[in-house]
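What follows is a set of notes on a single structure, which appears directly below.
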Amino acid sequence: MNMNRKRLNVLVTGGNGQLGRALRAACKGSPDRYVFTDISSLPGGETVFLDVSNKAAVEIVCESEKADVIINCAGYTDVEGAESDPATAARLNAEVPRILAEVCKKTGAVLIHISTDYIFSGEASEPIREDAAPSPLSVYGASKLAGEKAVRDSGCSALILRTAWMWSEYGRNFVRTMLRLMVNRDSIKVVRDQTGTPTYAGDLAAFITNLVSSRSFDKAGTYNYTNLGACSWYDFAVAVRDLSGASCEVAPCSSEEFPQKARRPHYSVLDKSLVQETFGTEIPGWRESLEKHISEVNGN
Ligand SMILES: NC(=O)c1ccc[n+]([C@@H]2O[C@H](COP(=O)([O-])OP(=O)(O)OC[C@H]3O[C@@H](n4cnc5c(N)ncnc54)[C@H](OP(=O)(O)O)[C@@H]3O)[C@@H](O)[C@H]2O)c1
């Protein structure tokens, strides 16, 4: 199929989640036709019902929508919940990518699949390249790694994008939680011994829609995409506080003081050189994107 000339049909799964909704905004003005699917509805947004764990349904919708590209934003993203429900995590994060990849292999569609920094153990001390050996610490991380493998093993044309610490104006995420807590509390404790890179979903969504518009499908492979820079969750919270003008005290604590079921990597900063060199992408710094985001939320 020659994808360079025609208007593409782009099917987004999990279209009502954080990244899905960021894509709804980012694809405005795109020359391509985006179709958003999910298992829920979205007030004010058109959604085609599609349970991606049902292969027959995926085949029917891909055929009826004539999908040239599938962007898989569906997933089980509750890192804590996955520890007590590994079957659901495996179904959505490993089995679903396998189903989508098999359908893409059969139809010739391109798959853009989203993965995570949590496939790494956190032993690294410098930004992690795409070819570093993964070793997930959590059920979520292991299920996402299995999803990547299923996509690669299928032999379909796929771009796997690993991102991290995503926030947006939608759904549940760290920035929204902090903004809410900082209004209601005098002080909060935030872990300082996990270092990574926050990623604004709008930046990742803009990268993906540009990738589709530029028809860069011959650059299939695995790429890291987060914002630039690195920080701890504590630094991230302090930045949210300072940029929003809140006065809540933010105190650092260790992961041990804040026990969670799922272990997280202590260091999971991803190296972005490959995505920058391959696509000529200019990636904003996390703080710059946070500043813009908070000023928009505040209506400035
Ligand atoms: N959020 C992060 O910090 C982060 C970091 C690294 C990587 N990622 C990856 O980025 C991707 C997108 O993350 P996100 O934060 O946008 O996730 P999200 O907000 O949790 O969105 C996932 C969407 O998938 C939907 N979904 C669940 N089961 C489904 C099914 N059977 N069929 C169709 N849709 C289904 C969810 O619906 P319900 O809400 O109704 O269940 C939700 O709308 C995921 O692959 C995630 O692993 C996220």
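Read-outs throughout are calculated quantities, based only on the coordinates presented, and are distinct from any laboratory measurement. These numbers were taken from a predicted model, which means no experiment stands behind them. Note that we place each Cβ from the backbone using ideal geometry, even for glycine, and neighbour counts take in every protein chain shown.
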- Message: Out of A201, A206, A164, I need the residue that is over 18 Å from V12 (Cα atoms), in contact (Cβ under 8 Å) with a residue 24 or more places away in the chain and either among the basic types (K, R) or buried (at least 16 other Cβ atoms within 10 Å of the Cβ) (or both). Which one?
- Response: A164
- Query: Going by the conditions given, is S154 of a type outside the set (A, V, I, L, M), on the phi < 0 side of the Ramachandran plot and away from the ligand (no atom under 12 Å from the Cβ)?
  - Reply: yes
- Can you name every residue in region 212-263 that is in contact with a helix residue (DSSP H, G or I) (Cβ under 7 Å, 6 or more places away or on another chain), part of a loop (DSSP other than H, G, I, E, B) and surrounded by fewer than 15 Cβ atoms within 10 Å (Cβ to Cβ)? Q260, K261
- Note on the structure: Checked pairs for region 20-36, first closer than 20 Å to R172 by Cβ, second of a type in the set (D, E, K, R), C-beta under 7 Å and 6 or more apart or across chains, list as G20/D38; F36/R24; F36/E46
- Item | Residue list for region 130-146, restricted to those being charged (D, E, K, R) and crowded, with 24+ Cβ neighbours inside 10 Å | K144
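Rundown of residues vs (1) within 14 Å of the ligand (Cβ to nearest atom); (2) of a type in the set (V, I, T), yes/no style:
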| position | (1), (2) |
| --- | --- |
| A67 | no, no |
| A74 | yes, no |
| E83 | no, no |
| E95 | yes, no |
| V110 | no, yes |
- Note on the structure: The lone condition V151 fails out of (1) out of contact with any His (no Cβ under 6 Å at 6 or more places or on another chain); (2) assigned to a helix (DSSP H, G or I); (3) hydrophobic (A, V, I, L, M, F, W, C) is (1)
- Query: Taking L111 and the conditions (1) over 30 Å from E257 (Cβ atoms); (2) more than 16 Å from the chain's Cα centre (by Cα), which numbered condition does it fall short on, given that it satisfies the others?
  - Reply: (2)
- Message: Of the residues R176, R172, only one is of a type in the set (D, E, K, R) and assigned to a helix (DSSP H, G or I); which?
- Response: R176
- May I ask you to list the residues in region 81-98 that are surrounded by 22 or more Cβ atoms within 10 Å (Cβ to Cβ) and either more than 24 Å from L11 (Cβ to Cβ) or in contact with a helix residue (DSSP H, G or I) (Cβ under 7 Å, 6 or more places away or on another chain) (or both)? A82, A89, N93, P97
- Which of the residues that make up region 117-129 are touching a helix residue (DSSP H, G or I) at 6+ places or on another chain (Cβ under 9 Å), part of a loop (DSSP other than H, G, I, E, B) and surrounded by 16 or more Cβ atoms within 10 Å (Cβ to Cβ)? F120, S121, P127
- Go through the residues of region 119-136 one by one and say whether even a single one is touching a residue at least 60 places away in the same chain (Cβ under 8 Å) and within 22 Å of G171 (Cα to Cα). no
- Message: For region 56-80, give me each residue that is surrounded by fewer than 21 Cβ atoms within 10 Å (Cβ to Cβ) and of a type in the set (S, T, Y).
- Response: S64
- Message: Looking only at region 264-286, filter to residues that are charged (D, E, K, R) and in contact (Cβ under 8 Å) with a residue 24 or more places away in the chain; which one of those is surrounded by the fewest Cβ atoms within 10 Å (Cβ to Cβ)?
- Response: D271
- Message: If G245 satisfies all but one of (1) on the phi < 0 side of the Ramachandran plot; (2) out of contact with any Ser or Thr (no Cβ under 9 Å at 6 or more places or on another chain), what's the number of the condition it fails?
- Response: (1)
